[in-house]
Amino acid sequence: MMERMVVVRVRRYSSLLGAISGIAEAIIVQPFDMVKTHHQLNPGINPGVIRTLIQLHNEGGIRLWYRGFVPEAIGIIPKSSAMYGTYGSVHKYLSRQERLHGNKTLIASIAGFTSGISEAIIVTPSQIVKVRLQAREHMGCYTGPIDCCRKLYSQEGATAFFIGLKPTLWRNCIWNTVYFGLMERIRRNLPPASSKKEALLQTFGSGFVGAFVATCFNAPFDVVKSRFQCQLPREDGHLKYHSTFQSLIMICREEGTTAVYKGFRPKAIRMGLGGATAMSVYEFIVGTFT
């Protein structure tokens, strides 16, 4: 009876646990996120990840690695809460459906896709602030996150906080679908863990693999999202990037087909470490209280 009460309590606070996992993820991966954004916005040839980190450090020290961290950290709390909360609720509902009974991979994939919708809606405002703070094109334009929010609202209106929502929906839904589905499949094929430590190592490893593979599928939409959120209207009022697939085609034509995978290496490191860390922290906390 006591164990059942604890499990119910853990499920009730799954959103809070997701937020804690998200904060741990943000602290670890933020430097790679900075590199990723710089690479995605650069129309030319990018240097390597380490060289970019060194260049950024030479320009502004470790603080520059974490530029944009505040909106990322603020956004990641409700984002992770929404993602894990939605995923848990949908997964629980689908698990009770007879037509899906036993198909755990499909259930995890559908729940993952659904969680990407709420996650994208919540994270977009903080993402545009983060991109504006990180982009070289906007260096010196904003003194910080609050100043960026104020200028975004006064210069571009309230709708500016949802610039790039459509490619963000594509990005998050695709990533979550592949990640959660693949995580379920990998873990089902792993041998039973002999201890909690081994179980966490399995979670970390499968989380890294799942996140890396998922990044291979959603990377082009992340490039489009960054281009959307960085751009400002031209003098004639028109935007260069105005729809997701128009932007993908334009980037391929102007910069080559592989350009839609710009920033893939730092993004793969960022998402691999992030996915592994977030899921490991989440399950560690759950395992501690169950």
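222 nm [θ] for the chain, helices only, -39500 (n - 2.57) per DSSP H run of 4+, per residue, to 500?
Numbers: 11 runs with 221 residues, N = 290.
Helix contribution divided over all residues of the chain: -26500 deg cm²/dmol.
Compute the FRET efficiency between K151 and I45 as 1/(1 + (r/R0)^6), taking r as their Cβ-Cβ distance and R0 = 30 Å, and round to the nearest 0.05.
Values: r = 32 Å, r/R0 = 1.05.
The computed FRET efficiency comes out at 0.45.
Subtract the Cα-Cα distance of E255 and I74 from 0.36 nm times their separation in residues, and report this length gain in nm to one decimal. Provide the component values of the computation, followed by the final result.
Working: separation 181, 0.36 × 181 = 65.16 nm, distance 3.37 nm.
That works out to 61.8 nm of additional length.
Quick one: if you stick a label point 7 Å off each Cα along the C-beta vector at I27 and R185, how many nm between them?
3.4
Please state the relative contact order of the chain as a whole percent: Cα pairs under 8 Å, 6+ residues apart?
Once normalised by length, the contact order is 27 percent.
Which of these, H101, H39, H242, has the largest mean-square fluctuation under a Gaussian network model of the chain (Cα springs below 10 Å)?
Of H101, H39, H242, the most mobile in the Gaussian network model is H101.
For each of R188, R96, R265, count neighbouring Cβ atoms within 10 Å of the residue's Cβ, then give the residues from fewest to most.
In increasing order of surrounding Cβ atoms, one gets R96, R188, R265.
What ranking do T257, T105, T177 get, fewest neighbouring Cβ atoms within 10 angstrom at the top?
Final ranking by Cβ density, sparse to dense: T257, T105, T177.
Would you give the gap between the C-alpha center of segment 44-61 and the C-alpha center of segment 120-176, rounded to a whole Å?
23
Work out how far the C-alpha atoms of the chain reach from end to end along every principal axis, then list the three figures in whole Å, largest first.
Between the extreme Cα coordinates on each principal axis of the chain lie 66, 41, 36 Å.
Fully extended, how many nm does the chain gain between K92 and R234 (0.36 nm per residue separation, minus their Cα-Cα distance)?
46.3 nm
So, in nm, how far is label S194 from label I62 when the simple model puts each one 7 Å beyond its Cα toward the Cβ?
Between S194 and I62, the simple spin-label model gives 3.8 nm.
Give me a comma-separated list of calculated 3J(HN,Hα) values for segment 247-256, in order, Karplus coefficients 6.51, -1.76, 1.60 applied at θ = phi - 60°, integers in Hz, x for any Gly or Pro.
Calculated HN-Hα couplings, in order: 5, 4, 5, 5, 5, 4, 5, 7, 10, x Hz.
I need C252, C148 ordered by Cβ neighbour count within 10 Å, fewest first.
Fewest-to-most ranking of C252, C148: C252, C148.
Taking the 0 to 90 degree range and rounding to the nearest ten, how far is the long axis of helix 165-188 tilted relative to the main principal axis of the chain, both from C-alpha atoms?
With both axes taken from Cα atoms, the answer is about 30 degrees.
The numbers here are math on the coordinates, done by the rules we state, and not lab data. Note that this is a predicted model, so its numbers are computed, not measured. Counting neighbours? That spans all protein chains shown, and the Cβs are built from the backbone with ideal geometry, glycine included.
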